[in-house]
Structures are given as structure tokens and as C-alpha cells.
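Report on the structure given below.
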Amino acid sequence: MQTIIKTRQIPLSPETLYQYWTTKEGLNAFFSKDNYIEIKKDGPYEIYFDLDVNNPTRGSEGCKIVDFIPNKMIHFTWNVPPV
């Protein structure tokens, strides 16, 4: 398994960034076409990029929230959809 680490500085408050990554509206504003997330431990964190295909190839089906600290941090699993 390979680990990828990428760092960026974004001129927004941690609270604003947290809202972008933890709300349906936030994710859809910059990253996805739709999503299904529940901010709770082991809650779904599914981001859909292609709504024209059936499950499980439209996005990150099956991903889960590992941990979070409100307005500070979110840790979720990630996968690559099958081709």
C-alpha cells in the first residue's frame, strides 16, 4: 500500500473548511455532484462524481468516517471505484 500526503494552505477559517467537507451543500459546491454523508463515527462518507452510472461505480461507495473533531478535523476512508 502506498501513502500519499499533500499539503495546501487555503485562506479560509478551519470552521468554514470543515463545513465544506462535512455537509452535502459544501461538498457539492466544490467537489462532487452528490453525496451521502453522516458525520458520526462509522457513518457513511460517500461522494458521487458520476450520477449517470449505477452503483458501485459512481463514486466512493462504502467509505466511512473514521473519526472527527467538530470544526477541526475529519478522517475518512477512501477508495477508487472499479473501472
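Determine whether R8 is surrounded by fewer than 15 Cβ atoms within 10 Å (Cβ to Cβ) and modelled with pLDDT under 95.
In short, yes.
How many residues, within the range 18-37, are open to solvent by 50 Å² or more (accessible area, probe 1.4 Å) and more than 20 Å from V80 (Cα to Cα)?
Total satisfying the criteria: 5.
Which residues, counting only those in the range 43-62, are in contact (Cβ under 8 Å) with a residue 24 or more places away in the chain and out of contact with any Phe, Trp or Tyr (no Cβ under 6 Å at 6 or more places or on another chain)?
P56, T57
Within the group K40, K6, which residue is of a type in the set (D, E, K, R) and either in a strand (DSSP E or B) or in contact (Cβ under 8 Å) with a residue 24 or more places away in the chain (or both)?
K40
Does any residue of the range 63-79 turn out to be at positive phi and either modelled with pLDDT under 95 or in contact with a helix residue (DSSP H, G or I) (Cβ under 9 Å, 6 or more places away or on another chain) (or both)?
yes
The values are calculated or read from the model by the stated rules, or taken from the named source; none is laboratory data. The model shown is predicted, which means the values in this text are computed figures rather than measured ones. All Cβ positions, glycine included, derive from the backbone under ideal geometry; neighbour counts span all protein chains shown. Accessible surface is based on the protein model in full, side chains and every heavy atom, while ligands, DNA and RNA are left aside. Shrake-Rupley method; radii C 1.70, N 1.55, O 1.52, S 1.80 Å.
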